[in-house]
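Peer 1: Following this message is one structure expressed as structure tokens.
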Amino acid sequence: MKRGSALRAAFLSLNPGSGRLFVAVLLGAASVLGFAPFYLFPVPVAALAGLAWLWLASRNARQAFTLGFGFGLGYFLVGTSWVFVSMHDFGGMAWPVAGFATLFFCSYLALFPALAGWAVGRIRAPQWVRLAIVFPAAWVLWEWVRGWLFTGFPWLALGYSQAPDGPLSGFAGVLGVYGVSLLTAASAGLLVWLASALTASRGARPLRRLSAIFLHPALMTLTLLWLAGWALLQAPWTAPAGEPITVSLVQGNIEQDLKWRPEAARATLESYLDLALSARGRLVLLPETALPVFNVDLPASYMEALARPAHDRNGDLLTGIPEYVQADPPRYYNSVMSFGTSPTQTYRKYHLVPFGDYVPHWIFLTWVMHTLEIPMSDFSRGEPYQHPLNVAGQRVAVNICYEDAFGEEVIRQLPEATLLANFTNDAWWGKSAASDQHLQISQMRALETGRYMLRATNTGVTAIVDERGHVVRAAPQFAVAVVEGLAQGRTGSTPYVLWGNWACLALVCAGLIVPILLSRWRRGGATP
């Protein structure tokens, strides 16, 4: 009997009620509307406010954990459903196995919002402190951990939902994407604090109630926060460097199923040669691994023909290409190489994607590799600190595919670089929202650094993004296209370039440690 009572008590401590759990899942799913291609930046603020309200109503930290898990499950199942497409449609994994792997992956990601909920339920502090300080600090702490644990998966970090037009994105140049996440979560907490005050003022005279609302610290702080963000969006962190340069961004639209087939290599090379010959820019960019053969296997005459139009305009061509380096044992790199007027230069991808660029030695996940059919998945890692490529009169900070999701790594080439360039093959994700989400990540990198971002992709979104994160010109997805336009090189440093994520992490630590210390001090002072 005692054992049954203990089990029942344990269940009740975890169970927040099916209704509230279902609402948490719906709120997480709705949050995805803040991200590309929807760009409804107020929605995640409102959804997080709903989650914070549920957390406040929880009996204990364990129930807050469960609600956070439900929110995260809805958030990632809807926001990263393209993982299933990658594994099933292009990785050759049977759909039941791919479905289970997707659910497992999203459940792992949901643990981080759950841990944030546990922290909010665990830390004892006044309600307004928990809402406006502890809640955003806990959310960003675990979001940041998610961004580096097991090589990191920072996709759908909350701050991305505010780029490029949300007022809070103005803080990107100061605190980076995690700082924007912090202030987005703080806005949600402030809304709940204000709503709590409204509930408490029921029955008061209308005039007194209105004054209580408009003079409430939550509303005043929220208003100042969003006005400050809007003002920072106008801040001239960087300055133009020279005249704008003409650029051509090539989108080959090579089907992923054909990309690595030897019999299709000739047609791919001819297609990219034709597109390069039609390009009119001084700087021409081809996507990640656009040329599906090793650099040592390409005839010099082909590379000369590919780069000739840019060379004739005193410019250069940058292309993604698998690079072979003779060593013992031989090494292979996912690289970008330059050809044209300037000496040939190389950037080698540093932040490799597990199961995409290399096979990790994680024993409990080796079964995945027995079911996936991913070519070119044994690349070596490039150096963590590489210099920008000096091409076409610009200094281009290159990042390949997923690397642009790590702002703290992109800024390693700054302030030396005048332009950012992302080389991507997003065909793995099919016709999902992932390519648009990836574009939004690039928009955030532009806001953080005050630099243009040039995106050359295989199937989209190929685009020119200005220093304020706005798309200047883009190609339609899943079409053969060349995006022609102007890109303005820029010099100078935003505060984020100077201090990276450290300023945001300092705020996060203060937001968690100070309430804990104050709580202990109060308890100690109350002790006779």
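Peer 1: Looking at region 485-508, which of its residues are of a type in the set (A, V, I, L, M, F, W, C), in contact (Cβ under 8 Å) with a residue 40 or more places away in the chain and either more than 17 Å from residue 453 (Cβ to Cβ) or part of a loop (DSSP other than H, G, I, E, B) (or both)?
Peer 2: Matches in region 485-508: 503, 504, 505, 507, 508.
Peer 1: Given 304, 255, which one is closer than 27 Å to residue 471 by Cβ and acidic (Asp, Glu)? Can you show your working first?
Peer 2: Details: 304 fails: closer than 27 Å to residue 471 by Cβ.
So the residue among 304, 255 that is closer than 27 Å to residue 471 by Cβ and acidic (Asp, Glu) is 255.
Peer 1: Could you please find all residues in region 77-90 being at pLDDT below 80 and more than 15 Å from residue 426 (Cβ to Cβ)?
Peer 2: Within region 77-90, 88 is the sole residue that qualifies.
Peer 1: Right, another one. I'd like the full set of residues that are among the aliphatic types (A, V, I, L, M) and out of contact with any Gly (no Cβ under 7 Å at 6 or more places or on another chain), limited to region 468-502. Walk me through it before giving the result.
Peer 2: Filtering region 468-502 down to residues among the aliphatic types (A, V, I, L, M) leaves 471-472, 474-475, 479-483, 486-487, 497-498.
Of everything in region 468-502, those that are among the aliphatic types (A, V, I, L, M) and out of contact with any Gly (no Cβ under 7 Å at 6 or more places or on another chain) turn out to be 471, 474, 479, 481, 482, 483, 486, 487, 497, 498.
Peer 1: Checking the structure you have, find out if any residue of region 153-166 is out of contact with any His (no Cβ under 9 Å at 6 or more places or on another chain) and surrounded by fewer than 22 Cβ atoms within 10 Å (Cβ to Cβ).
Peer 2: Looking through region 153-166, at least one residue is out of contact with any His (no Cβ under 9 Å at 6 or more places or on another chain) and surrounded by fewer than 22 Cβ atoms within 10 Å (Cβ to Cβ).
Peer 1: Still on this structure, please answer the following. Which numbered condition in (1) touching a residue at least 60 places away in the same chain (Cβ under 8 Å); (2) buried (at least 16 other Cβ atoms within 10 Å of the Cβ) is the only one that residue 94 fails?
Peer 2: In the conditions (1) touching a residue at least 60 places away in the same chain (Cβ under 8 Å); (2) buried (at least 16 other Cβ atoms within 10 Å of the Cβ), residue 94 misses (2) alone.
Peer 1: Another one. Which residue, of 222, 269, is in the same structural domain as residue 184 (by TED's automatic domain parsing) and crowded, with 16+ Cβ neighbours inside 10 Å?
Peer 2: Values: 269 fails: in the same structural domain as residue 184 (by TED's automatic domain parsing).
One residue alone meets the criteria, 222.
Peer 1: Among the residues of region 48-56, is there at least one that is in contact with a strand residue (DSSP E or B) (Cβ under 8 Å, 6 or more places away or on another chain) and modelled with pLDDT under 95?
Peer 2: Checked against the condition, which is being in contact with a strand residue (DSSP E or B) (Cβ under 8 Å, 6 or more places away or on another chain) and modelled with pLDDT under 95, region 48-56 yields no hits at all.
Peer 1: May I pose another question? So which residues in region 287-338 are surrounded by fewer than 18 Cβ atoms within 10 Å (Cβ to Cβ) and among the aliphatic types (A, V, I, L, M), if there are any at all?
Peer 2: If the condition is that a residue be surrounded by fewer than 18 Cβ atoms within 10 Å (Cβ to Cβ) and among the aliphatic types (A, V, I, L, M), then 296, 298, 300, 305, 325, 327 are the ones that fit.
Peer 1: Turning to a different aspect of this structure: Give me the pairs, please: first residue somewhere in region 122-150 and over 17 Å from residue 58 (Cα atoms), second residue anywhere and part of a helix (DSSP H, G or I) and among the aromatic types (Phe, Trp, Tyr), beta-carbon distance under 7 Å, and either six or more positions apart or on two chains.
Peer 2: These pairs meet every condition: 132/193; 140/178; 142/112; 143/112; 143/178; 144/178; 145/112; 146/112.
Peer 1: Is one or more of the residues making up region 98-115 of a type in the set (Phe, Trp, Tyr) and over 17 Å from residue 69 (Cβ atoms)?
Peer 2: The answer is yes, given that some residue of region 98-115 is of a type in the set (Phe, Trp, Tyr) and over 17 Å from residue 69 (Cβ atoms).
Peer 1: Which residue pairs have Cβ atoms closer than 7 Å, lie 6 or more positions apart in sequence or on different chains, and pair a first residue in region 156-168 that is touching a residue at least 40 places away in the same chain (Cβ under 8 Å) and farther than 14 Å from residue 31 by Cα with a second residue that is of a type in the set (Lys, Arg) and outside any loop (DSSP other than H, G, I, E, B)?
Peer 2: Here the result reads none, with nothing in region 156-168 linked to a residue that is of a type in the set (Lys, Arg) and outside any loop (DSSP other than H, G, I, E, B).
Peer 1: Do you know which of the residues in region 277-286 that are within 19 Å of residue 390 (Cα to Cα) and touching a helix residue (DSSP H, G or I) at 6+ places or on another chain (Cβ under 8 Å) is surrounded by the most Cβ atoms within 10 Å (Cβ to Cβ)?
Peer 2: That would be 284.
Peer 1: Shifting gears a bit: Given the conditions (1) surrounded by 20 or more Cβ atoms within 10 Å (Cβ to Cβ); (2) outside the structural domain of residue 397 (by TED's automatic domain parsing); (3) of a type outside the set (A, V, I, L, M, F, W, C), report the number of the one that residue 515 does not fulfil.
Peer 2: In the conditions (1) surrounded by 20 or more Cβ atoms within 10 Å (Cβ to Cβ); (2) outside the structural domain of residue 397 (by TED's automatic domain parsing); (3) of a type outside the set (A, V, I, L, M, F, W, C), residue 515 misses (1) alone.
Peer 1: Here's another thing I want to ask about it. Only helices (runs of 4 or more DSSP H) wholly contained in region 207-308 count here; list those with 1 or more residues that are at pLDDT below 95 and closer than 23 Å to residue 457 by Cα.
Peer 2: Result: 256-259, 262-278.
Peer 1: Determine which member of the set 136, 126 is of a type outside the set (A, V, I, L, M, F, W, C) and surrounded by fewer than 22 Cβ atoms within 10 Å (Cβ to Cβ). It would help to see each step written out before you state the result.
Peer 2: On the way: 136 fails: surrounded by fewer than 22 Cβ atoms within 10 Å (Cβ to Cβ).
Unique residue meeting the criteria: 126.
Peer 1: Name the residues in region 53-74 that are small (Gly, Ala, Ser) and surrounded by fewer than 24 Cβ atoms within 10 Å (Cβ to Cβ), would you? I'd like the intermediate steps shown before the answer.
Peer 2: Initial filter on region 53-74 (small (Gly, Ala, Ser)): 57-58, 61, 64, 68, 70, 72, 74.
Within region 53-74, 57, 58, 61 qualify.
Peer 1: Applying the selection to region 411-420, what residues are over 16 Å from the mean Cα position of the chain (by Cα) and in contact (Cβ under 8 Å) with a residue 60 or more places away in the chain?
Peer 2: 414, 415, 418, 419
Peer 1: Just give me the residues in region 395-423 being of a type in the set (S, T, N, Q) and either in contact with a Phe, Trp or Tyr (Cβ under 8 Å, 6 or more places away or on another chain) or surrounded by fewer than 24 Cβ atoms within 10 Å (Cβ to Cβ) (or both), in sequence order.
Peer 2: 399, 413, listed by residue number.
Peer 1: Among the numbered criteria (1) closer than 15 Å to residue 251 by Cβ; (2) among the charged types (D, E, K, R); (3) crowded, with 24+ Cβ neighbours inside 10 Å, which single criterion is violated by residue 484?
Peer 2: For residue 484, the failing item is (3).
Peer 1: I'm checking my understanding of the structure. Among residues of region 477-528 that are hydroxyl-bearing (Ser, Thr, Tyr) and out of contact with any helix residue (DSSP H, G or I) (no Cβ under 8 Å at 6 or more places or on another chain), which one is modelled with the lowest pLDDT?
Peer 2: 527
The values are calculated or read from the model by the stated rules, or taken from the named source; none is laboratory data. Since this is a predicted model, take the numbers as computed values, not measurements. FYI the Cβ positions are ideal-geometry reconstructions off the backbone, even for glycines, and counts take in every protein chain you see.
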